[in-house]
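> First, the structure itself, so that you have it in front of you.
The values are calculated or read from the model by the stated rules, or taken from the named source; none is laboratory data. This one's a predicted model, so the numbers in the text were calculated from it and none came from an experiment. Here Cβ is always computed from backbone atoms with ideal geometry, including for glycine, and neighbour counts include all displayed protein chains.
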Amino acid sequence: MTEKKATKIEKAYGKVDLKMMREFTDADGISGCEKEATRVMKKWVSPVADEITYDTLGSLIALQKGTGNGPKIMLAGHIDEIGFVVRNIDDKGFIRIAAIGGWWGHVLLSQPVIITTREGKKVFGIVGSQAPHGMPADVRNKVREVKEMFVDIGCKDKNEVELAGVRIGDMVTPKSDFNVMANPNYLLAKAWDDRVGALIATEVLLNLKDVPHAADLYAVGTVQEEVGLRGAKTATYAVKPDLGIAIDVTIADDTPGSEARIKMGVGVTLGILDASHLGHRGLLHYLDGLAKELKIDVQYEALLAGGTDSGEIHKSFEGIVNLTLSIPSRYIHSHRAMIHRKDYCDTVTLLTEFCKRVDWKLLEELKETNR
């Protein structure tokens, strides 16, 4: 990308830190094994956080204190990604895997993976596939289940696999590079679901360094979302927020054969509902109005299948004012997903301004909407 083009993009959509994005998405961290990813978030958020803690499941909680005794705002992006664990190693050295999170068999065959051993060693492998030559049509057209698949790390037998340090239970993650696409507004990486949410929460705290705000702000990298929103529950009980916003990806329907319901590159996507949560109407309407004030375009999500961290946040304690903000993404739950930097930057802008404004008066006004 030329310097001239880069300057034009930054003027239109705001500057993004590609190095930070790459570090977040390159980190390996399936549900239950998120430590590598949370340490990346800790590195970037530490300079602007007054306190960093973890709950017992491993969710990272970074606090940036407000100027007074203001409400607590929790910005939650789940830090885990989908992947696998080693289920079995056969005598010939082929590794059977169990899925962590939702996978569709079509996206897996011949794809590269990384096995992280207990000692932290990274072992490269590939999901094995058959050559199509002479393959019967019923076999060729069948979607293979993950339990039928195997990983090949290039060992002749089980003993060599074990000498490489691989054991049952080891984490297996997709191997994929971070890429800026032909139009550099489009960014491709593994684990946008949902490192992008953790990135946005981090960016808001970075933006508000030395900027007065009444609220105590919590940027939270929640764990185990992909296996049932588990970290959102424990992190919410650790923070005890007065208001919580989950930031997650949603399905971009702007590819051939889709309904063109949710598009990339629009701006901010406000979640009306998903399978786990009904957005708080007061917060929804306020952010809608604030986006218009900031001249940010908005689209609205009604996701009929799939949940977000909001599913646990909103029903904690006596109930929490809560909403999901989504980043449209193509090809999620595969090795490579794509986002648009305008959606990222506009969401950061909206949340930064919102967090500057929240005080007890505004919070009470939002609560009155549902009473």
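> Of the numbered conditions (1) crowded, with 16+ Cβ neighbours inside 10 Å; (2) free of Cβ contacts under 8 Å to residues at least 24 places away in the same chain, G66 fails exactly one; give the number of that condition.
Condition not satisfied by G66: (2).
> Can you go through R330, R281 and tell me which one is of a type in the set (K, R) and surrounded by fewer than 21 Cβ atoms within 10 Å (Cβ to Cβ)?
Step by step, each of R330, R281 is checked, and only R281 is of a type in the set (K, R) and surrounded by fewer than 21 Cβ atoms within 10 Å (Cβ to Cβ).
> Condition first: of a type in the set (S, T, N, Q), free of Cβ contacts under 8 Å to residues at least 12 places away in the same chain and farther than 23 Å from T38 by Cα. Can you find one or more residues in the range 127-140 that meet it?
There is at least one residue in the range 127-140 that is of a type in the set (S, T, N, Q), free of Cβ contacts under 8 Å to residues at least 12 places away in the same chain and farther than 23 Å from T38 by Cα.
> So which residues in the range 179-209 are within 8 Å of the chain's Cα centre (by Cα) and not aliphatic (A, V, I, L, M)?
W192, D193, D194, R195, G197
> Can you name the strands (runs of 3 or more DSSP E) wholly within the range 271-371 that have at least 2 residues being in contact with a His (Cβ under 7 Å, 6 or more places away or on another chain) and at pLDDT 95 or above?
Those strands (runs of 3 or more DSSP E) span 321-329.
> Working carefully through the options K356, K295, K361, find the one that is assigned by TED's automatic domain parsing to the domain that holds L199, closer than 21 Å to A198 by Cα and surrounded by fewer than 21 Cβ atoms within 10 Å (Cβ to Cβ).
Going through K356, K295, K361 in turn, the sole match is K356.
> A further question on this structure: Going by the conditions given, is L163 hydrophobic (A, V, I, L, M, F, W, C) and over 24 Å from A27 (Cβ atoms)?
yes
> With the checklist (1) touching a Phe, Trp or Tyr at 6+ places or on another chain (Cβ under 9 Å); (2) buried (at least 16 other Cβ atoms within 10 Å of the Cβ) in hand, flag the one item V123 doesn't pass.
(1)
> Would the range 180-191 turn up any residue that is surrounded by 12 or more Cβ atoms within 10 Å (Cβ to Cβ), aromatic (F, W, Y) and more than 29 Å from T38 (Cβ to Cβ)?
For the range 180-191, residues surrounded by 12 or more Cβ atoms within 10 Å (Cβ to Cβ), aromatic (F, W, Y) and more than 29 Å from T38 (Cβ to Cβ): absent.
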